[in-house]
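A short worksheet on the structure shown next.
Here, each number is a calculation from the coordinates, and none is a lab measurement. Computed from a predicted model, the values in this text were never measured in an experiment. Every residue, glycine among them, receives a Cβ derived from its backbone with ideal geometry; neighbour counts consider all protein chains shown.
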Amino acid sequence: MTRKAYYSRKIKRATQLLFYKRHMKPGVKGWELKNALGSDYPKILKVLDNHLEKLDLQVKTVFEDKEPTEKPTLEELNKARFFVTLRGGLPSRDAKMMGWRIDDIAGLAVAVSYIISKKGKAPREEVNDLLRTKLPGWRVDMNLNRYIRSGYLAEDENNMLYLDWRTRAEVDQKELVDLLLGTGT
Amino acid sequence: MSTKEKKLSSERLQRVIELCKSVEERGVDPFAVDVDDIIATLQKYFPEWESTEELALDAEAIQYLASVIQNQGDWVKHRSTSLYTDPFLLEEKIQRLNKEELATLFTKVWSPIIELEQISISSLAEALRYWNDLLPISERWQKNGPLQVEAGATTWEELVRLKILAEKTFLEELEAFWKELKQKVGENEKILYWDFVGADTYSETIDRAYMTSFLVTYGYATLELHPLEEEIFIKPFTKPRSELADKRMVSVPISVSHEEWMNWKEEKQT
């Protein structure tokens, strides 16, 4: 088999694995990709990412713990989860079509940015109070539960809210804070 | 320190632990804890602690204090990162923006995951096969009551046959075995181990070796070892010797392998 044919076959397989939902959570674990594509899967994902760029999509890696500061090791990659996400932003009118109301997105923005400002964890009560300033009370709890169910936020037994895996995969946290601070100046 | 003073000191430590816990669990500002003051308090009370509970409480307080110090370190690290934002400033910004502005801003930094769900012909066929094999719910959830078995009587012979009861008690069996040993030894006082233990079948030989080990352990017989000749003799006592238990006992491992049994049988036949 030629090198080109080898990569072409592997890229097709990687596309199927990444696009189709296989578990409750979307995305594929590094070790699953290693089993299906071989140990050179990071290289295959890189080629796939180049292909996806033309479609404004990207292969996104979410590491198990904190994002490594240097080039990630194969072990770190094996434990990480890989997704395909939009590369650029999304017009808010399109977000409506994804089943999200404008209230839901605004609420998520507030919850996520507040938790970021509180060093990654904040009491649910505080987030609740902040959301209540703009959303009707009955919606606040419902929305927070939805964010938790979708994997944007996590809650522990002490009612502390954290940022969960989906926020790490989908939201550019630094950019969000910068944009928020840049408003009205 | 009087008992009353000790009680008060214990309560103070409990309060310290609760305060440190609130930093960890409820996100209280870690710098609200005066670490120096707590260390001074712990140092002051430590020489007075005597019981295990008091020392455990002291250790617990130190452990929680260490986690507060770690939190303080993390706080400083976070402040030095580009992600640090003053929560009050951010709250103020959020208050100023309306829902539409907030949503528009968020969608600029939001890249939702692409995920597809689609059924294939093969998975559809597999699902149909599963459906066809699936028992109706009325059958699957059928509750089987406990089987009623009529109680009856059994006999001692039946229990022996089922090996629930032994035909003889172990000691009776051991005594019979001891008598057999004495008969086989006769005038000679001792007999070669294999000549006594060896039987027509290997399983019977193992049974006899097992019983012989109890004869020696319980003081009905003893072993005589001749290492140079590689011979082991077994010598029965005329009366069981209970005083042996008080002396230093030595374990003698004797291999009764199938190969050795075969060798013994061949030698016997020749």
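Structure notes:
- Sorted peptide list for B:149-158, B:26-35, B:50-59, A:26-35, criterion being average Cβ within 10 angstrom, highest first: A:26-35, B:26-35, B:50-59, B:149-158
- Pairs with C-alpha atoms separated by more than 27 Å, drawn from the list A:K118/B:K99; A:K60/A:K119; A:K25/A:K134, are A:K25/A:K134.
- Long-range HN-HN contacts of A:L57 with modeled amide H, under 5 Å: A:R87
- Take each residue in A:123-130, count the other chain C-beta atoms within 10 Å of its C-beta, and the mean is 2.
- Anisotropy class of the range B:51-133 from Cα gyration tensor, a/c 1.5 cut: oblate
- Rg then Dmax, both in Å and based on the Cα atoms of chain A: 18.7, 63.
- Average partner coverage of A:131-138, which counts Cβ from other chains inside 10 Å: 1
- Convex hull volume per residue for the protein assembly as shown, taking Cα atoms only, in Å³: 459
- Links that overshoot a 23 Å alpha carbon limit, given the list A:K121/A:K174; A:K174/B:K77; B:K168/B:K265; A:K21/B:K108: B:K168/B:K265; A:K21/B:K108
- Volume in Å³ per residue [convex hull over Cα atoms, computed for the range B:7-97]: 104
- Euclidean distance between Cα centres, the range B:5-77 to the range A:1-15, Å: 60
- One compactness figure for chain B is 2.24, namely its Cα radius of gyration divided by 2.2 N^0.38 Å.
- Judged by the ratio a/c of the largest to the smallest principal axis of the C-alpha gyration tensor, the range A:93-182 counts as rounded, that ratio being less than 1.5.
- Overall shape: rounded for the range A:7-88, with the ratio a/c of the largest to smallest alpha carbon gyration tensor axis below 1.5.
- With all projection directions averaged, the alpha carbon convex hull of the range B:170-269 covers 7.0 nm².
- Relative contact order of chain B, pairs being alpha-carbon contacts under 8 Å that are 6 or more residues apart, as %: 11
- Inter-chain shielding of A:102-115 (mean C-beta neighbours from other protein chains, 10 Å cut-off): 6
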